[in-house]
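Please read the structure below before turning to the comments.
Throughout, read-outs are computed from the coordinates displayed, never taken from laboratory work. If you're wondering where the values come from, they're calculated on a predicted model, not measured in any experiment. Neighbour counts run over all protein chains shown; Cβ positions are idealised from the backbone, glycine included.
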Amino acid sequence: MSDASKSNRPFGACAPNAAQRAVISAAHNSGLKRGAFRPWLSRLIDLMGPGPIDAQYQGASFRLHHLESGTERGALFNPDYNLPELDFLRERTPRGGTFVDVGANVGTYAVPLAKHVGPEGRVIAIEPHPVSSARLAFNARASNLGNLSLVAAAAGDIDGELMIETDGGNLGASHVSETGGIRVPAKRLTTILDTNGVTRIDTLKIDVEGYEDRVLTGFFRDSNKALWPKAVAIEHLERQAWLRDCIADMIGLGYAVAGKTRSNTLLVLR
């Protein structure tokens, strides 16, 4: 059976076999969960049974296509993957609150936060890549979520279209590029929020591979302060690609740095 056929089967149909479970458990309980070992582990368990793996991550259900996505490998082999950022966001998002995920990938933030806020809360998950957004939609269904709204578009500085380029070895590293091979709808963040009736944001996470400033500069310029998120996790790994230092801009607008991880800067509105 092809990977595509397996992807369409109900959650649980891709449960790991005994040998795969042993390898995944060994990773969870040792230093093998670190990033340097995860590609090797991914190839190993694929030899034991090719295809995606159905697993639990941060209290939610995921079908993880680990061979082609660093994010999905992280969620499969490391139960603490992105845990500092997730804890920061969960601590600041109340039950019934609103979380916005810009660059949601397959939902490793959006789906656990949707479980956290409960049925009275809301999650807006923005993901332009058609493969990643389809996987996110599957994970939301597998986790029985009715409070997650998926926006299959790129957040940016225009309402129109953008091109995205896919990294074949790591789907999660897809990024906006003038030479990209996939044309996707693009929307300003204010447009997305207005369309979805969002009038307040408790927390926001943004990871769009060096395009964060184009999303945030226009948002803070054009939106009412009442709409500004109370806390933000922003990936800073590609900040050399920014046209403006949007973290410095946010600090100038009244945000304070509450912490940093290897990948993200964590800010709170004072």
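Among (1) part of a helix (DSSP H, G or I); (2) touching a helix residue (DSSP H, G or I) at 6+ places or on another chain (Cβ under 7 Å); (3) under 21 Å from Thr265 (Cβ atoms), which single condition is Tyr81 missing?
(1)
Yes or no: Ser69 in contact with a Gly (Cβ under 6 Å, 6 or more places away or on another chain) and of a type in the set (S, T, N, Q)?
Yes.
Restrict the check to the range 132-145 and report whether at least one residue is under 24 Å from Ala241 (Cα atoms), touching a residue at least 12 places away in the same chain (Cβ under 8 Å) and assigned to a strand (DSSP E or B).
no
Assuming Val100 fulfils every condition listed in (1) touching a residue at least 60 places away in the same chain (Cβ under 8 Å); (2) over 17 Å from Ile206 (Cβ atoms) apart from one, which condition is it?
Val100 satisfies all of (1) touching a residue at least 60 places away in the same chain (Cβ under 8 Å); (2) over 17 Å from Ile206 (Cβ atoms) except (2).
For the range 160-270, please list each of the strands (runs of 3 or more DSSP E) lying entirely inside it that holds at least 1 residues being surrounded by 15 or more Cβ atoms within 10 Å (Cβ to Cβ), polar (S, T, N, Q) and free of Cβ contacts under 8 Å to residues at least 60 places away in the same chain.
Filter on the range 160-270 gives 264-269.
List pairs: first in the range 12-36 and without any contact (Cβ under 8 Å) to a residue 60 or more places away in the chain, second assigned to a helix (DSSP H, G or I) and of a type in the set (D, E, K, R), Cβ under 6 Å, 6+ apart or cross-chain?
Cys14/Lys6; Ala27/Lys33
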